[in-house]
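First up is the structure itself, then whatever we jot down about it.
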Number of protein chains: 2
Amino acid sequence: MEFVAAPARLSTADALFEHDFAQRLHWSADTDAAIEQRVADILADVQQRGDAAVLEYTARFDSLQAADMAALELKQDELKAAFDSLPAEQREALESAARRVRSYHEAQKKANGESWSYRDEDGTLLGQKVTPLDRVGIYVPGGKAAYPSSVLMNAIPAHVAGVQDIIMVVPTPKGEKNALVLAAAYVAGVHRAFTIGGAQAVAALAYGTATVPKVDKITGPGNAYVASAKKRVFGIVGIDMIAGPSEILVLADGTTPPEWVAMDLFSQAEHDELAQSILLCPDADYIAAVQREIDRLLPEMPRQAIIAKSLTDRGALILTKDMEEACAISNRIAPEHLEVSSRDPHKWEPLLRHAGAIFLGAYTSESLGDYCAGPNHVLPTSGTARFSSPLGVYDFQKRSSIIEVSEAGAQTLGKTAAVLAYGEGLQGHARAAEMRLK
Amino acid sequence: MEFVAAPARLSTADALFEHDFAQRLHWSADTDAAIEQRVADILADVQQRGDAAVLEYTARFDSLQAADMAALELKQDELKAAFDSLPAEQREALESAARRVRSYHEAQKKANGESWSYRDEDGTLLGQKVTPLDRVGIYVPGGKAAYPSSVLMNAIPAHVAGVQDIIMVVPTPKGEKNALVLAAAYVAGVHRAFTIGGAQAVAALAYGTATVPKVDKITGPGNAYVASAKKRVFGIVGIDMIAGPSEILVLADGTTPPEWVAMDLFSQAEHDELAQSILLCPDADYIAAVQREIDRLLPEMPRQAIIAKSLTDRGALILTKDMEEACAISNRIAPEHLEVSSRDPHKWEPLLRHAGAIFLGAYTSESLGDYCAGPNHVLPTSGTARFSSPLGVYDFQKRSSIIEVSEAGAQTLGKTAAVLAYGEGLQGHARAAEMRLK
């Protein structure tokens, strides 16, 4: 069977551009009421019956029978054995990626994640204490989409933050374990791991069971059941973002080999038929050249069916008036991955306000960022880069304000506080401040 | 009517302590299915009909009729007029509080909120760009619980972050406006304000209407309808935390005048019958003295009915073995407000791992922090300080990773990425990396 990848060809000069553009961008995470209800039932059941419920759901959904939860724990020696079993090339790649991810997140912690304080003129001490979470759970998808790189990207920032207890859950349908995933857990320093998944794994982490310890936060991607479960336990534990389909946007000035750009568009499209790959470029000839490379390269791709459907249904090659307009459109999209494939990327970078990660220059393929450049590959999707950030050390830290008011400070602050407290009708607040006045 | 405030008297030496302690702490935000459904309907209606729906709900729920949404906008000159109408004492208190809150959040931004980057040995540039959100919505409760201090605490960090468009919504049942709230909006630099509230205001901010601009994030406290609406629009926009009842925990070594501690316990109890005030102290005589002060001071309090019910139903005076044990119990509670009422607070502070804000020393009454010390008074409740943080400048910023791989860097990184990508079955990713190899 021959596949065709035909992304929409749009031009901002077209009278219908706004309409076509809106249609192409439209995506909504429809909530499925049936899934919601099943997830609610599973959560309630695990909360009540603990391990027994988790074992039953694991048998039912993952076709994995176990006598007890202990049998579903992956011990450290099994993680190490998985690592040792890998070809040298894969061991080295995992370790090299882990090293770079670790050093990036250490820089991130140093730049933005340390405690701070100052004293004002009254001698009052003000600041914030930044501390790691005690215990976190990392959800790692299993089965056909098993990503060892996601283990590194979730566990390493937690480790760098100083989390003492990192619990991984990964479903292993029919008991089939992915050696790369287990090895990644070993390299990343996961403390405990269980072969459970779905809403039942999220429930076990959120409520705790006799065997699975209750965590403070759950991160990591998953299917619709996992996403729904995470949303439901939010508040009992912290969660990271709820991820939508992956996206790439390439801003091209026409100086990058078009086959590089075509392959970069493929690299998101191959994730998922719902993934979105968009090219913005002011050069019509270059856009045509990229489409020719898409046609030429597609038959070579093992995942060509997914790529063709993703590009045809959701992809777009958009001709813009100039690079400034391309940047403005990019800001409206707020893409997860944004490649600035230009000879002069630093000219455009200051114009780019919303993106999960910005890849500058022709050599910075998005895939380098996915695996080993250092920054996190867990990024905000579906336009949420307008208000949220890559997963980072800060997701595994929390802050406590520190206030020490001196006796002198209590005199001036006390008067202000009392006026405002009486204004709000909170006399206890006012009196507490006034009692400290001389 | 005479009220009695009888907090539970517990001792960690008691065999039943764990049971009694768990019972006292128990609180759950029961979701009310009826509220959930009504909120879902209101959101869908506002999403579809926009201004017309908001006007109808405002007429129905707030008894406020208006010809059009423009009539529900508070213009800048009205905010300024409210400020000018206040007694000098209140004007000065608002301005002084705003000044201190601003300078604290400026320090916070400088310490933890600036962009950063570095180059590695290959010349690869890595970092993060920190940018403000474009537009945020601040929900301010109206009616009986109208808190101008909350306007300052939400709007000022947004302002310091660099948000260009701060939209306030505040319900004004029957059209009654609170001059202090309007004046606080003026002082804090709110850009636009509408007298709407409830789920319909959250919907207007999340989806946008012809009159109310769509925002990127919604912060601020509200009733059960507002909380449910915020939780539902999470993902379309960002939200801050969902707040539970207010809490204070006082760790006392017995050196602070007991009436100060009694009044500090009142100052949370007076918020709400569900609020929780707890004292932890290793000195039984001191605990008895605090109870005597509670009995003595209660009749003087205008909100004595609420205080008595809150302390009796949810308060506790807990005798501990020593201060170390008191600190350990405090960590289990992870309180919103934590006072270390000790002659030597810096001895205990390092032992305190989970709290929204830590108030050190006898002069630092929690109420100073509520109004004017500088740190934010929007803090994680119900134990969520285990994984979340005070509202801050960081809530109004987001981060984009920056990656610029040099040609040399692409050679080493490309090989690692390709090995891992092939291992995950993502050939497009692998080929994109390999194309950059010489």
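Quick note: the coordinates plus some simple rules give every number you see, no bench work behind them. Here the structure is a predicted model, which is why all the values come from computation and not from measurement. FYI the Cβ positions are ideal-geometry reconstructions off the backbone, even for glycines, and counts take in every protein chain you see.
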* To do: Could you grab the relative contact order for the range B:149-247? Cα pairs under 8 Å, six or more apart, rounded to a whole percent.
  => 24 percent
* Whole-Å semi-axes of the range B:165-255's equivalent ellipsoid (Cα gyration tensor) -> 27, 19, 13
* Asked: What does the convex hull of the Cα atoms come to per residue for chain B, in Å³?
  -> 205 Å³
* **Fraction in percent of alpha-carbon pairs per bin - 10 Å, the range A:204-311** => 14, 32, 20, 17, 13, 4, 0
* Structure fact -> Sorted shortest first, the nm distances from the B:P302 label point (7 Å along Cα→Cβ) to its counterparts in the other copies are 7.4
* To do: Using the 7 Å Cα-to-Cβ label point, sort the distances from B:D77 to its equivalents in the other copies shortest first and give them in nm to one decimal.
  => 8.2
* Asked: How much FRET efficiency would the formula 1/(1 + (r/R0)^6) give for B:L274 and B:D165, where r is the Cβ-Cβ distance and R0 is 35 Å, rounded to 0.05?
  -> 0.50
* Asked: Based on the inverse mean of 1/r over its pairs of different Cα atoms, what is the Kirkwood hydrodynamic radius of the range B:375-422, in Å?
  -> 14.9 Å
* To do: Work out the charge dipole of chain A with +1 on the Cβ of Lys and Arg and -1 on the Cβ of Asp and Glu about the Cα centre, then indicate which of A:L352, A:S149, A:A204 is farthest towards its positive end.
  => A:A204
* Percentage relative contact order, the range A:86-230, counting C-alpha pairs under 8 Å, at least six apart -> 25 percent
* Nitroxide proxy distance, nm - points 7 Å out along Cα→Cβ at A:F17 and A:E121 -> 5.5 nm
* Sorted by packing (mean other beta-carbon atoms within 10 Å per residue), highest first, where do A:310-316, B:85-91 land? -> A:310-316, B:85-91
* What number, in nm² with one decimal, is the all-direction average of the projected area of the convex hull of the alpha-carbon atoms of the range B:73-176? -> 8.5 nm²
* Structure fact -> Per residue of A:111-119, other chain Cβ atoms within 10 Å number on average 4
* **Among the listed pairs A:K231/B:K230; B:K80/B:K214; A:K109/A:K230; A:K398/B:K109; A:K177/A:K230, those beyond 18 Å (Cα-Cα)** => B:K80/B:K214; A:K109/A:K230; A:K177/A:K230
* Based on the Cβ-Cβ distance of A:A88 and A:E176, what FRET efficiency does E = 1/(1 + (r/R0)^6) give at R0 = 22 Å, to the nearest 0.05? -> 0.40
* If we hang a label 7 Å off Cα along the beta carbon direction at B:A40, how far is it from the matching labels on the other copies, in nm, shortest first? -> 0.7
* With contacts defined as alpha carbon pairs under 8 Å and 6 or more residues apart, what's the relative contact order of chain B in percent? -> 21 percent
* Find, among the residues of chain B, the one whose Cβ sits nearest the axis of the rotation taking B to A; state the distance in whole Å. => B:N112, 2
* Structure fact -> Placing one equal point scatterer on each C-alpha of the range A:91-250 and summing with Debye, one gets log10 I(q)/I(0) at q = 0.08, 0.15 Å⁻¹ equal to -0.27, -0.83
* Å³ per residue enclosed by the Cα convex hull of the protein assembly as shown -> 168 Å³
